[in-house]
Structures are given as structure tokens and as C-alpha cells.
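K.L.:
Before we start, here is the structure in question, set down as C-alpha cells.
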Amino acid sequence: MKTTIKIAWRNIWRTPMRSFLVIGSIVMGIWAGIFVIAFSYGLNKQRTLSSIKNSISHIQIHHPEYDKDYDSKYFLENPDLIKTELETNANIKAFAFRSLLNGMISSPVKSNGVRIIGINKNQEKEVTGIHSGLVEGNYFESKRKNQILIGEALSKKLKVKLRSKIVLTFQDTDNNIVAGAFRVCGIFKTQYTKYDEGTVFIQNSDLQRLIKSKEFHQVALLCNSLDDVDSTYHNLKTNLNDYEVKDWKTISPELAYADEIMETWLFLIMIIIMLALIFGIINTMLMAVFERRRELGMLMAIGMNKSKVFFLILTETFFLSLIGAPMGMFLGALTIKLTSETGINLAIVGEGLQSVGLGNVIYPVIETKFYIFISVMVFIFTLIAAIYPSRKALKLKPTEAIRTI
Amino acid sequence: MEIIKTTHLTKVYSNNGLEVKAVNHIDLSIEEGEFTAIVGPSGSGKTTLLNMIGGLDDSTEGTVKIAGTNINSLSENELIDFRLKNIGFVFQAYNLIPVLTAKENVEFIMLLQGLSEKERKQRSEELLNHVGLADKLDSRPNQLSGGQQQRVAVARALASKPSFILADEPTANLDSHSTSTLLDMMAEMNEKEKVTFLFSTHDQRVIDKARRVITIEDGKIIKDERR
Amino acid sequence: MKMIFKMAWRNIWRSKRRSIITISSIFFAVFFAVFARSFQIGVYNKMIANMVGMYTGYLQIHQNGFWEEQSIDNSFIPDQSVLDLLHDNKDITDFNERLESFALTASDNLTKGAIIMGVNLEKEDGLMDLSPKLISGEFPAHTSSSLLISEGLASYYNMSVGDSLILLGQGYHGASANGIFPVSGILKFPMPNLNDRLVLMPILAAQELYAAPERLTSLVLQIDKPEKLNKLKKYISKKLDLEKYELLDWKSLLPELVQTIQADSAGGVIIIGVLYMIISFGILGTLLMMTAERMREFGILISIGMRKSKLILTLIMESLFMGILASIIGISVVSPVRYYFNRNPIRLEDQAAESIEAFGFEPVIPASLDMDIAMNHAGIVLLIVLICTIYPIVTILRLKPVKAMRT
């Protein structure tokens, strides 16, 4: 037994190429497993963060009826109360008050229905990324009144450009039609053309002047980090229970469950990768067993029984896995460490994806438990893969040993 | 005492419908203490015959008895065990386990037999001394010359105290000096300790040293000469 | 050359064991690559089918210029030749006439903008699956002028079946479009952007409202085999007068879906890339070992006088043969497996499933049956095999016959 182990250990150093191939397969298998998992979670995280940054923020506050209808009559009563609450909460990094209305935008050529978002430009800057998504123009830099930001797709539809004049039409709180002329100060582009076509930004001050009231419909806020959201959410729900408070998971449940959805995918992909690995190892080892037929035949000729030969090959595989596993984990960890700092830019495989904010760069992230899990799995699968070639070895005839050249 | 007895031993190969009788009803008897060479041209069937006598191949017809035991009736694992205890092998090449030293190679057989560490150590040193390689105990096969490797192989073959030693072209890869050293050593063992040797060979020097020469052609014994 | 062919082919069968091992490593490569990619594409196709089935359909015919400027003035009356063309094509299961426009709805002193769809309700039921969405009331008759309104509208106006809704809009060539219409049923759409502002009315009534008798804004084609879309599109484009009409597929109709899929696809490509790394390594390993095993044989051939270039060519041929054979077997084996997972897709569980069902979609991961996938990836694997063959080629180039024969 001990000698078989001794022979097994020395055997793996005797044929570097063969051993390298098996070790290489194991290293690749572990690396692949770690990378794919980290990449997938990173992808989800990027999507979540991107959506939070560009669209839904961490928490939103509305009038309780607002959701059913989006009617401007459901504005936030007592906004100062909310403001105070938010300012005193240490977990909250920034907040933005917004007015939201539906209306029409018209150019000399065309009209279109749009969602008008009235913002406080300084507050908004801290909470979303629209200020950095401009392809032309500026973010309300001018002190002039009635400046507007429109999407590139909309500018094309309306056939307007920077500094063009457009007319916004909407209803005030008494349902009177209000119109105002605005000048395009900036043009933005996001990942979604539909959004660009249907959304415009103006300053709250201008909006409130036109509808003659200081009304806000929504507060969007960012916490210091994603981890703070849960506690902040519960705090605000309690303290601001006259309002509707929603966290990002409630607003976009598909994001919240993105990890779960992805886990089914991941499971499928991992199975495929593991199977590919196993068959690769089986093939390599079958080749190896055949190459060693003389040596193995000789062992059986002189009296080493079948179970010992089987054990010999399995032990060799065990040692190779023992060498390969830490190497694989190390390589995986190294890759994750490097890419989690610099990120992986998807533009290398996608075609110039447009985006505001975090966009195309993925930062792989993985929980430590996976390193162990993957390595153990590959280790076990490698041993399982070795069973078939080992049994084939037993079918070798001792006469192979006697065969003269 | 009769060590080896074959009765009507036959091996037929079927190759795409063509039947080849590699060994054709051979009756053979080898006694203890013999130093016998089986000779014949390539394709004569001597390797096949030796394979069957060594229990490495099964026969189509007929039986092989080694030291009274009919080896055809043994199962595969029993056969391996039998070889371990009763037959010592010296092949033309690839005799030794490449990753073990000379001493470890010799000990290996005894390890398989279950001897104690002390016994193994003692006997392996003894045997290697006997074949003139006392200074090469810790050398690996790739550090030994061809002749030296074959001598280790003989030491190993003797380690299990077998009924006989089966040597298939043991000198084919050796120069004349190594050949004579090896042969002299084997002859001495045969004389002094009555170790039975059965060779299969082309080598004239081996044939010259043999006391019985069995010639095989087309699967049959055509000459059996005792000197 | 023929000699090399023969030699290469026979070489493969000379050592069955070795060839089977090599072929199987290539086979697994093709199998797994195609298998994985089928799921990725399958999900995208399902996403497309879901989104397309909600509203736009796969293919629409409009008056030329309509999509740029979607006004009622860009409506058209389809020529009989067009209708015949659509009728005769077996891949088009049905085509829906629509007159769509914008209107302001009103009731009491509330107003809200809405999309008015003048449709053939039975046909739309086939495309948009309206029947299960009907939460109260019933479908209006083809000749009536009753409305189906979306749930969002109904709750905004606090309306129920039997109440009436005012529609105010702009008709054809400037005519005004006003009317008051009874609500015969309420539909609930899972997507809020539809649920908030949709009105469906029988097309005859819509045409009357907008003073556009017999006019349509679009013909929506229903297709039961989405994989035939491109072929169908080409076929119809040829027969259609493209000065008069425009033919748009879902990619033009739903550009954000295209963008969503693109964004997702990049990640998928990277993962397939990792899979390829593993299978390439497997193939390389097999070729490495094969080369080592055949060193003596190569040495002997070169010694007796075979030129290295001929030997290399033979080896390349062998790789190609084995690669092609393995690909054929791979595609043959993977196809029924894909078929199985196409009919029995993998189901998502629990909350993940719920979050998708909330959109009205099935939470499944199906496998695509697209033959392109099989061809493309078999091709890539073949390329990898050829690249891996570089190792034995280099070995042969550096080979010293005597040394090789000593192994």
C-alpha cells in the first residue's frame, strides 16, 4: 500500500507531459468555475448598480396614491418634513426632490408625448448619472430660465438640436393647460432609446414657476452603500408612514431576484463546464493508460494484482489533483483580484454599448465559500473521471509486457 | 521433480476468418534444475508457448501444470497470485519499475508476498550482492547499464523463490561482455542452487550454454536435444 | 494527393482506440459548445417571442414613412395584391388590420392621453392573447362601437362596464375625431405601460371615428415559426412595392429589446469563451499524447524517405477527417437533446420564477433549435482542431529520425 503510494508519487514526475496535461485540466477547470461564477455575479451586480444609479435609486418616496396613476395631483404634502428626516439620517448619502408630469413636447415639425422630470440640478447630480450622460451641450450651466435636457432620440424625432426652442405643454394642479417655451441646453443618451424619446428634464424652479406652485412628486435617495439600504428603508417606512416608501427591490423585483434567476443559469453552465472537463480528463488518461501498457502489463505479470494496479492509477490521479487544486484556486483568486480592480470591459465582445454611469465594465465578485466548493467539486470529479481509464487498464494483458519489439 | 508439464497445449488465433495455429499440440516436460533454451525462428510460436507456460496467456486447448497445479483452472486473480509465488520473469526489456531503485525493485516482489521489512531488506541486499551489484543498491534503472538492469531483473525474479525462472530473450539488447556476465551468473545459480531456467532465445551464446535445446517450428517441437 | 487522402483516412482506422479517443474529444467539444449556446439563444428567442407577442408581432407592413412619423395621415388602404400575397403564404398564419392613433380620453373632469387601437378583436386575441386578460365585461362585436379599456384607465376614471368614455383626437386629413363610446369590457395587462393607457375598439368603429374609412396604419403579420422570419422578410420585400409600403421586423419595432439582448449577449459570449478554453485544452491534450505515441512511426517514415511536408499534410488531413466526423456525430447527437429541452425547457424556481411571471412571462430556459448555432460552433471547433494540429506539425518539423525511432 505504502509502496504503491510511493510508486504513484514518483510516477507523476517521470512523465512531465502527461502529468502536466492532467494538472492543466484541473487548474483550468477550477479557474473556469471560479471565473464564471464571479463574472456572473459581477454582471448582475453591475446591472443592479447601473439601474440604481441611472433609474430607480436606492429608495423612492411618493404620495401613497401616486403609483396607481402618476397623476400630478398626488404631490408630496409637507416636503420639508421629509427633507428633515432625510437630512438627519446618517446612512443617506444624497437625495433629490423631483416633480413629475406628463405632457407634450412640440417642435415646429412635430409633437410627442413626454414625461417631464423637474429636478434640482445639484441634488440630482448626487443621486443619478444623467449629468454625465450628455452627448452634447451642458447640464443646466446657464443661469437662464427655461432650459431643457432632451434625449438624442427625441431630438432626432423632433428635428431639433442644441439651442433649439421647443414648447412644453402640460396640466397644472387645477387641470389647466400650461405651456412654456424652453431652450435645449443639453442632449443626453442612455442605453434605452425609448427612454431617450420619452423623457425630458427641466429645473424645478422653472416648472414651479409655470404651474404656480411648489410641488414635488417624488424623492429619490441614495444610501452610503447598498448594505445600508435595508435598515434605512425600514427606518423611513416607520418615520414617514404617511408616504409611500419603496426600496429598489420593491420597485424592480426582477433585479432583486436577478441573482436567483442567474443561479439556475449558472448551475446549468457549471454542469456543462464540469462535464466538458471530465470527458477531457477521461480522454487524456485513456491515452496515458495505453501508453503505459508495457509497464502496467509487466506489473501484472510479476504479480501485482488488479486492485493494486487500479489503486496505483487512482493514487496518481489523486496526487495530480492535489497539486492542481491549489494552483487552480490561486490562479482563480489572482484573476478575480486583478479584474475586480480594473474591471472587464464588455465592449471587447459587445458592439459599443451605450450607457450612462457604470455601463459596460463588469467587476467580478465571488464569495469565499465558492473557492472551496469549486475546488472540492473538481477534485472529486477528477477522481471519478479516473475510474473509467483505471478499469480499462485492468483489461490490459500481461502479454503486452512480453511483446518484443 | 517435474516443474512444468504441458499436455496437448494448443493456441489458435483467428484473424479475419483465417485460423493460425501458433502452438500446435505441444507436450513438454521440464524438470527441476534444468537449464533449457527454446529456440526457433520468428513466428515459430516460442513466445506464445512461453506466454502460456508463464500463465500470461490462456490456451485454446490442452493444459499447463506448474509444480503440480493446473493453472488453466485458476481465476485471473488467483493466476496473478500464482505467478507471484511460483514464476520469476526476466523480459527482454522494460523489466524494472522505472521509479524504484534496484533495491526497491527487488523488495517489491517480496512486498507483494507480504514479507516483513526486515526480511525484505536482508534478502534484497543478499540477492543484489549475488548478482554483483552490491554497490548499485540505490541506483534507479536509468542510472544502470542494460546488462546491469537485466541482472537486477534476475535478482528480482529470484526474490520470490520461484519454482523456475522464465527468461524471454534476456540478452537480446546486451553487448557481448554483459551477455557473458549475465549468462555466467545464471549458470552458476543453476549449478550451485539448482534454480531452474527456461529461456526463449535466438542468441547463440545462450544456446551454447544451455544443457537442453528445444527447437520449435510452426508451433511444433521438431528437435529436443540434451547435452 | 489522392495517396495522402488514402493514407490519412486509413491511418485513422489503423489505431481505432487512438482515433476514437481523439474523435470523442472533438465530439464533446462540439456537443457542449452547441448545447450551451442553444440555451443562451433559446432564452433570447423566448424573450423576443414574449415581447413581440405582447403587442407588435414579428413583422408589420405600413405605408412607407409611417414609422418615422406615426400620424393617421400616414395610413393606407392595402392593395389586393398585398392581401393576396399575405393570404397565399403558408408561413403567415394570419394578418391583423390595425388603425392605431393617439387620443385624449375624458370623463367627468378628468383627462388622460391614451393609445387607441382599432382592431379586429378576434385576430388580436390570437396575437396578444386577450381573452385571459379580460377581467370584466365582454368583447364588443365586430360592428359595434363599444370599447375595451385597460385596467389602468378604468381605475383612473373609476369606470366599470357600461360606463362611457369620451375620445378626442385628430382624424384623417385634419378632420376632428370625437365621440363618446360605451365600455364593454376591461382588460388587465401585466405590463404597466400598456395597462395604463390602452383602448381597443373594433376597427370599423375606429375608422369611422378617425374619418378614415377602410384605412389602416399597420398590417401585423402572425408567424408561427419565428426561425423563418428572415426568409419570410426577404420574400415579402421582393414582392412588395417598397415605394408605397415599408416592411419592418421586430428589431426595428422594438429597438430597446435589441439593446437589452445585446447588453446581455456580451456576458454570454464571455462565458462560452471560458467553455471553449476548457474544450480546447482537452483537444490539445489528445493531440499532444497522440504525437508522443507516434514518434517512432514518424521517425520510421521520414527515414525510409517520406518528405516532411507530405507527412504534415497527411496529419492535417487526419485532423480534418476526424474533426468533420466528430462534428457530424456531435451535431447528430446534440440535436435530439436540444429538441428535448426545447419541448421541456428548464424551469426556474420559487421567487425567481414569480418575478418573471409577474410580467406575464413563462419562467423557463428553453433550448433553441437554430441550425446556425450548430454550424457556427462546429466550424469554430474545427478551427480549434486545426490550430491544435500545429503542435504535431512543429514536432515533425523538428524531428530527427534516429532520435524519434529510439523512443
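K.L.:
So the check is Cβ under 9 Å with 6+ separation or different chains; which pairs have a first residue in the range C:292-309 that's under 13 Å from C:Lys403 (Cα atoms) and a second one that's among the acidic types (Asp, Glu)?
P.N.:
The qualifying pairs are C:Ala292/A:Glu291.
K.L.:
Which condition number in (1) at pLDDT 90 or above; (2) away from chain A (no Cβ under 11 Å) is the one that C:Phe341 fails?
P.N.:
For C:Phe341, the exception is condition (2).
K.L.:
Looking only at the range A:103-124, filter to residues that are under 20 Å from A:Glu215 (Cα atoms) and of a type in the set (D, E, K, R); which one of those is nearest to the chain's Cα centre (by Cα)? Don't jump to the end; show me each part of the working.
P.N.:
From the range A:103-124, those under 20 Å from A:Glu215 (Cα atoms) are A:103-104, A:114-124; that's our starting set.
From what is left, the residues that are of a type in the set (D, E, K, R) are A:115, A:121, A:124.
Values: A:Arg115: 28, A:Lys121: 29, A:Glu124: 24 Å.
Of everything passing the filter in the range A:103-124, A:Glu124 is nearest to the chain's Cα centre (by Cα).
K.L.:
Given the conditions (1) assigned to a strand (DSSP E or B); (2) surrounded by 17 or more Cβ atoms within 10 Å (Cβ to Cβ), and given that B:Thr63 satisfies all but one, which numbered condition is not satisfied?
P.N.:
Tallying (1) assigned to a strand (DSSP E or B); (2) surrounded by 17 or more Cβ atoms within 10 Å (Cβ to Cβ), B:Thr63 fails exactly one: (2).
K.L.:
Within the range A:289-316, restricting attention to residues that are under 10 Å from A:Ala393 (Cα atoms) and not charged (D, E, K, R), which residue is farthest from the other protein chains (Cβ to nearest Cβ)?
P.N.:
Quick first cut of the range A:289-316, residues under 10 Å from A:Ala393 (Cα atoms) only: A:289-290, A:292-293, A:296-297, A:306, A:309-310, A:313.
Those still in the list that are not charged (D, E, K, R) too: A:289-290, A:296-297, A:309-310, A:313.
Working: A:Val289: 10, A:Phe290: 6, A:Leu296: 10, A:Gly297: 9, A:Val309: 10, A:Phe310: 12, A:Ile313: 14 Å.
Ranking the qualifying residues of the range A:289-316, first place goes to A:Ile313.
K.L.:
Are there any helices (runs of 4 or more DSSP H) wholly within the range A:227-312 with 3 or more residues that are more than 30 Å from C:Ile21 (Cβ to Cβ) and not hydroxyl-bearing (Ser, Thr, Tyr), and if so which?
P.N.:
Filter on the range A:227-312 gives A:229-239, A:248-251, A:253-256, A:258-291.
K.L.:
Hey, among B:Gln148, B:Gln113, which residue is surrounded by 15 or more Cβ atoms within 10 Å (Cβ to Cβ) and more than 30 Å from B:Thr69 (Cβ to Cβ)? Break it down stepwise before answering.
P.N.:
Values: B:Gln113 fails: more than 30 Å from B:Thr69 (Cβ to Cβ).
Matching residue, one of B:Gln148, B:Gln113: B:Gln148.
K.L.:
Take the residues in the range B:49-65 that are touching a residue at least 60 places away in the same chain (Cβ under 8 Å) and within 14 Å of another protein chain (Cβ to nearest Cβ); name whichever of them is farthest from B:Phe197 (Cα to Cα).
P.N.:
Let us first name the residues in the range B:49-65 that are touching a residue at least 60 places away in the same chain (Cβ under 8 Å), namely B:49-50, B:53-54, B:64-65.
The next check asks that each one be within 14 Å of another protein chain (Cβ to nearest Cβ); those that pass are B:49-50, B:53-54.
Details: B:Leu49: 15, B:Leu50: 12, B:Ile53: 13, B:Gly54: 12 Å.
Step by step, filter the range B:49-65, then rank; the result is B:Leu49.
K.L.:
Oh, and also: If you go through the range A:191-215 one residue at a time, how many are within 14 Å of chain C (Cβ to nearest Cβ), modelled with pLDDT under 80 and in contact with a Ser or Thr (Cβ under 7 Å, 6 or more places away or on another chain)?
P.N.:
Final tally of qualifying residues: 1.
K.L.:
Tell me the residue from B:Leu79, B:Leu28 that is over 14 Å from the mean Cα position of the chain (by Cα), of a type in the set (A, V, I, L, M), modelled with pLDDT of 90 or more and surrounded by fewer than 23 Cβ atoms within 10 Å (Cβ to Cβ), please.
P.N.:
On the way: B:Leu79 fails: modelled with pLDDT of 90 or more.
Unique residue meeting the criteria: B:Leu28.
Here's the yes/no breakdown for (1) over 30 Å from A:Ile92 (Cα atoms); (2) among the basic types (Lys, Arg); (3) surrounded by 20 or more Cβ atoms within 10 Å (Cβ to Cβ):
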| site | (1), (2), (3) |
| --- | --- |
| A:Lys189 | no, yes, no |
| A:Tyr192 | no, no, yes |
| A:Glu197 | yes, no, yes |
| A:Asn204 | no, no, yes |
| A:Gln208 | no, no, no |
| A:Ser213 | no, no, no |
| A:His217 | no, no, yes |
| A:Asp227 | no, no, no |
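K.L.:
Another one. May I ask you to verify whether A:Gly103 is of a type in the set (Gly, Ala, Ser), closer than 30 Å to C:Ser252 by Cβ, in a strand (DSSP E or B) and within 14 Å of chain C (Cβ to nearest Cβ)? Outline the logic, then answer.
P.N.:
On the way: of a type in the set (Gly, Ala, Ser): yes; closer than 30 Å to C:Ser252 by Cβ: yes; in a strand (DSSP E or B): yes; within 14 Å of chain C (Cβ to nearest Cβ): yes.
So A:Gly103 passes the test.
K.L.:
Out of B:Asp58, B:Asp138, report the one residue that is surrounded by fewer than 16 Cβ atoms within 10 Å (Cβ to Cβ), modelled with pLDDT of 90 or more and in a loop (DSSP other than H, G, I, E, B). It would help to see each step written out before you state the result.
P.N.:
Working: B:Asp58 fails: modelled with pLDDT of 90 or more.
When all the criteria are applied, what remains is B:Asp138.
K.L.:
Test of understanding: among C:Glu246, C:Glu256, which residue is buried (at least 17 other Cβ atoms within 10 Å of the Cβ) and either charged (D, E, K, R) or in a loop (DSSP other than H, G, I, E, B) (or both)? Let's see the steps before the verdict.
P.N.:
Details: C:Glu256 fails: buried (at least 17 other Cβ atoms within 10 Å of the Cβ).
The unique qualifying residue is C:Glu246.
K.L.:
Of all residues being more than 16 Å from A:Ser55 (Cα to Cα) and more than 19 Å from the chain's Cα centre (by Cα) in the range A:246-274, which is surrounded by the fewest Cβ atoms within 10 Å (Cβ to Cβ)? Just the residue, please.
P.N.:
Taking the range A:246-274 first, the residues more than 16 Å from A:Ser55 (Cα to Cα) are A:257-274.
Next cut, more than 19 Å from the chain's Cα centre (by Cα) only: A:271-274.
Values: A:Ile271: 12, A:Ile272: 20, A:Ile273: 24, A:Met274: 19.
Ranking the qualifying residues of the range A:246-274, first place goes to A:Ile271.
K.L.:
Something else now. Here are some conditions: (1) closer than 29 Å to B:Ile4 by Cα; (2) more than 13 Å from chain A (Cβ to nearest Cβ). B:Phe89 meets all but one. Which one does it not meet?
P.N.:
Unmet for B:Phe89, out of (1) closer than 29 Å to B:Ile4 by Cα; (2) more than 13 Å from chain A (Cβ to nearest Cβ): (2).
K.L.:
Return the residues of the range B:95-112 that are under 17 Å from B:Ser139 (Cβ atoms) and either at the interface with chain A (Cβ under 7 Å from one of its Cβ atoms) or not in a helix (DSSP H, G or I) (or both); say none if nothing qualifies.
P.N.:
Residues of the range B:95-112 under 17 Å from B:Ser139 (Cβ atoms): B:95-108.
Scanning the range B:95-112 gives B:Asn95, B:Leu96, B:Ile97, B:Pro98, B:Val99, B:Leu100, B:Thr101, B:Phe108.
K.L.:
Okay, next question. For the range B:154-171, indicate whether the set of residues that are of a type in the set (Asp, Glu) and buried (at least 18 other Cβ atoms within 10 Å of the Cβ) is non-empty.
P.N.:
Just the residues of the range B:154-171 that are of a type in the set (Asp, Glu), to begin with: B:168-169.
Remaining after also requiring buried (at least 18 other Cβ atoms within 10 Å of the Cβ): B:168-169.
Checking the range B:154-171: at least one residue is of a type in the set (Asp, Glu) and buried (at least 18 other Cβ atoms within 10 Å of the Cβ).
K.L.:
Go through the range A:1-13 and give me each residue that's more than 16 Å from A:Met287 (Cβ to Cβ) and either part of a helix (DSSP H, G or I) or touching a strand residue (DSSP E or B) at 6+ places or on another chain (Cβ under 7 Å) (or both). Talk me through it step by step, then tell me what you get.
P.N.:
Restricting attention to the range A:1-13, the residues satisfying the condition of being more than 16 Å from A:Met287 (Cβ to Cβ) are A:1-10, A:13.
Passing the criteria: A:Lys2, A:Thr3, A:Thr4, A:Ile5, A:Lys6, A:Ile7, A:Ala8, A:Trp9, A:Arg10, A:Trp13.
K.L.:
Across the range C:197-216, which residue is surrounded by the most Cβ atoms within 10 Å (Cβ to Cβ) among those that are outside any strand (DSSP E or B) and in contact with a helix residue (DSSP H, G or I) (Cβ under 7 Å, 6 or more places away or on another chain)?
P.N.:
From the range C:197-216, those outside any strand (DSSP E or B) are C:197, C:203-215; that's our starting set.
Retained after the next criterion (residues that are in contact with a helix residue (DSSP H, G or I) (Cβ under 7 Å, 6 or more places away or on another chain)): C:197, C:210-215.
Numbers: C:Arg197: 21, C:Tyr210: 28, C:Ala211: 16, C:Ala212: 24, C:Pro213: 10, C:Glu214: 13, C:Arg215: 22.
Among those residues, the one meeting the criterion is C:Tyr210.
K.L.:
Given the conditions (1) more than 14 Å from chain A (Cβ to nearest Cβ); (2) modelled with pLDDT of 90 or more; (3) surrounded by 17 or more Cβ atoms within 10 Å (Cβ to Cβ), which single one is not true for C:Ala154?
P.N.:
Result: C:Ala154 passes all but (1).
K.L.:
Taking the range A:256-286, which residues are more than 18 Å from C:Ile272 (Cα to Cα), without any contact (Cβ under 8 Å) to a residue 60 or more places away in the chain and not hydroxyl-bearing (Ser, Thr, Tyr)? Walk me through it before giving the result.
P.N.:
Filtering the range A:256-286 down to residues more than 18 Å from C:Ile272 (Cα to Cα) leaves A:256-261, A:281-286.
Next, from what is left, pick out any that are without any contact (Cβ under 8 Å) to a residue 60 or more places away in the chain: A:256-257, A:260-261, A:283.
Matches in the range A:256-286: A:Ala256, A:Glu260, A:Ile261, A:Asn283.
K.L.:
Determine which member of the set A:Ile348, A:Ile362, A:Ile384, A:Ile366 is out of contact with any Ser or Thr (no Cβ under 7 Å at 6 or more places or on another chain) and modelled with pLDDT of 90 or more. Outline the logic, then answer.
P.N.:
Details: A:Ile348 fails: modelled with pLDDT of 90 or more; A:Ile362 fails: modelled with pLDDT of 90 or more; A:Ile366 fails: modelled with pLDDT of 90 or more.
Of the residues listed, the single one that is out of contact with any Ser or Thr (no Cβ under 7 Å at 6 or more places or on another chain) and modelled with pLDDT of 90 or more is A:Ile384.
K.L.:
So, one more: In the range C:173-196, which residues are assigned to a helix (DSSP H, G or I) and either in contact (Cβ under 8 Å) with a residue 24 or more places away in the chain or among the basic types (Lys, Arg) (or both)?
P.N.:
We begin by selecting, within the range C:173-196, every residue assigned to a helix (DSSP H, G or I); these are C:173-174, C:192-195.
Scanning the range C:173-196 gives C:His173, C:Pro192, C:Leu194, C:Asn195.
K.L.:
List the number of the failed condition for A:Asn239; all other conditions in (1) touching a helix residue (DSSP H, G or I) at 6+ places or on another chain (Cβ under 6 Å); (2) under 25 Å from A:Asn102 (Cα atoms); (3) more than 14 Å from chain C (Cβ to nearest Cβ); (4) not aliphatic (A, V, I, L, M) hold.
P.N.:
Condition not satisfied by A:Asn239: (2).
K.L.:
Go through (1) of a type outside the set (Val, Ile, Thr); (2) modelled with pLDDT under 90; (3) under 24 Å from C:Ser38 (Cα atoms) and name the single condition C:Pro336 misses.
P.N.:
Of the numbered conditions (1) of a type outside the set (Val, Ile, Thr); (2) modelled with pLDDT under 90; (3) under 24 Å from C:Ser38 (Cα atoms), the odd one out for C:Pro336 is (2).
The values are calculated or read from the model by the stated rules, or taken from the named source; none is laboratory data. Everything numeric here is computed off the predicted structure, so don't read it as measured data. Glycine also receives a Cβ, built like all others from the backbone with ideal geometry; neighbour counts cover every protein chain displayed.
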